[in-house]
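Below is one structure; the comments refer to it alone.
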Amino acid sequence: MLALFPDSARIEHGRLAIGGLAAAELAGQFGTPLVVYCEETLHARASSYRAAAAGGNVLYSVKAFPNVEVVRVLAGEGLGAEVSTLGELAFARRAGVDGAQIVFDGNNKADEELEAAAEAGALVVVDALDDVERAARDGVRRALVRVTPGIDADTHWAIATGHHGSKFGLPPEDALAALRRLGEVGVEAAGLHVHVGSELLDLGAERMTIDWVASFVAEARSELGWTPAVVDLGGGLGVRYLPDDPDLTIETFVSSLVSRVERAWALHGLPPPRLMLEPGRSLVGQAGVTLYRVGVVKRATESVTYVAVDGGMSDNPRPQLYGARFSALLADRAEEEAAGSYTVCGKHCESGDVLIERVRLPEPSRGDLLAVPATGAYTLGMGSNYNAVPRPAAVLVTGGEARLIRRRETVDDLLGLEA
């Protein structure tokens, strides 16, 4: 179980500690729910990507968790940023990421977003044919063209992006047209962008995609006399949420992509491109742990006992959106034997507000502290204020110190939005 937690996590005298601080101490100081990020894990994952990328560019996909301090930590490791909205661009720029290290993606970019991307000097991804003229009009000078390979990734449909009919990217014939039109309007076609899906725990879809892209590049060279200087393979590497999930490491994943590109390009006699990668989940997912305070413990049937916590789908909607599965332990009773299987639910007015369908725990009681690992990505960043519940705080811990990186919302914050 501890392998799902951040690198610095330890069980000390039966109590969970992260970054040298007891979870109970963090909950007492900052309240619950609380998302705890381990800085050591962020540095380690960024370093692994940089080493494995063999000189390629690594960009943090800001949507995984938009936070200035997290982006700043990753930028300190040499990472750029992938953004898809004006807001994400603002987070990256506030964190000090140079515009030349930013890729601006998105399937429906507003005029103000293209203008801001051009002003920052970001590399813009053409995702629709009319992006070409609009980008040129708004001052964009360099672009990637996102092409859809028609490959189905082994992941949930909602986070698969490279299949036929995807809302992202262009079919091959339209991608060729976009490359041609970029030259006509004076925007440099720097390369290609392709992304097949998220939470990937095997290499099959990525390998197929690389082989397909190499064939597409060979066609582009034949028809247009063009080859890409840059190939952006997106992100996609998953993380373990349960102990029996496959463990595909960053090193294995990235080195496989690098070697596959080298081989596929050589087979077609193509000049090797510079690779870009856009990890999100695999950088910050395992770095985060959510701490909840247990409230009601209630038997519903002979086989179902609910353990209700003080958060739920407002801070982690992934179980409802993707059927995501999580595990948990009682942070203040981490070495006690399990008494049975329990269902962890939130406090929201939805029967579907269930975080964990089944998890083995010591018999829980009101006031216990529940720790849910691998919640650093696509949880708080996708959160809401359903039932007018303010969103949690987030802290960054390292070396026995904690600093607040996102303050807890208040009801007054919510009322402040009212006209």
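The values are calculated or read from the model by the stated rules, or taken from the named source; none is laboratory data. Predicted model only: the values in this text are computed from it and were never measured. Cβ: placed from backbone, ideal geometry, glycine included. Neighbour counts: every protein chain shown. Surface areas here come from the heavy atoms of the whole protein model, side chains and all, with no ligands, DNA or RNA. Shrake-Rupley method; radii C 1.70, N 1.55, O 1.52, S 1.80 Å.
Does Tyr322 satisfy the condition of being open to solvent by 20 Å² or more (accessible area, probe 1.4 Å), modelled with pLDDT under 95 and among the aromatic types (Phe, Trp, Tyr)? Explain how you work it out, then say what you get.
Numbers: open to solvent by 20 Å² or more (accessible area, probe 1.4 Å): yes; modelled with pLDDT under 95: yes; among the aromatic types (Phe, Trp, Tyr): yes.
Yes; evaluated as a whole, the condition is true for this residue.
Checking the conditions here, which among Ser282, Ser314 is surrounded by fewer than 24 Cβ atoms within 10 Å (Cβ to Cβ) and of a type in the set (S, T, N, Q)? It would help to see each step written out before you state the result.
Details: Ser282 fails: surrounded by fewer than 24 Cβ atoms within 10 Å (Cβ to Cβ).
Exactly one residue qualifies, and that residue is Ser314.
Can you tell me which residue is farthest from Pro272 (Cα to Cα) among those in the stretch 183-211 that are among the β-branched types (Val, Ile, Thr) and more than 23 Å from the chain's Cα centre (by Cα)?
Val185
Within the stretch 72-86, how many residues are of a type in the set (A, V, I, L, M), part of a helix (DSSP H, G or I) and either open to solvent by 40 Å² or more (accessible area, probe 1.4 Å) or closer than 21 Å to Ala118 by Cα (or both)?
Number of matching residues: 2.
Please find, among Ser327, Ser314, the residue that is out of contact with any strand residue (DSSP E or B) (no Cβ under 9 Å at 6 or more places or on another chain), assigned to a loop (DSSP other than H, G, I, E, B) and in contact (Cβ under 8 Å) with a residue 60 or more places away in the chain.
Checking each option against the conditions leaves just Ser314.
Quick test of your reading of the structure: Ser256 fulfils all but one of (1) open to solvent by less than 20 Å² (accessible area, probe 1.4 Å); (2) modelled with pLDDT under 95; (3) under 30 Å from Glu69 (Cα atoms). Name the failing condition by number.
Status for Ser256: all satisfied but (3).
Looking at Asp138 and the list (1) surrounded by fewer than 16 Cβ atoms within 10 Å (Cβ to Cβ); (2) among the acidic types (Asp, Glu); (3) at pLDDT 95 or above, which single condition is not satisfied?
Going through the list (1) surrounded by fewer than 16 Cβ atoms within 10 Å (Cβ to Cβ); (2) among the acidic types (Asp, Glu); (3) at pLDDT 95 or above, Asp138 breaks only (1).
Where residues in the stretch 230-280 are acidic (Asp, Glu) and assigned to a helix (DSSP H, G or I), which of them is farthest from the chain's Cα centre (by Cα)? Full working, then the answer.
Residues of the stretch 230-280 that are acidic (Asp, Glu), as a first pass: 232, 244-245, 247, 251, 262, 278.
Now restrict to residues that are assigned to a helix (DSSP H, G or I): 251, 262.
On the way: Glu251: 18, Glu262: 27 Å.
Only one residue fits best here, namely Glu262.
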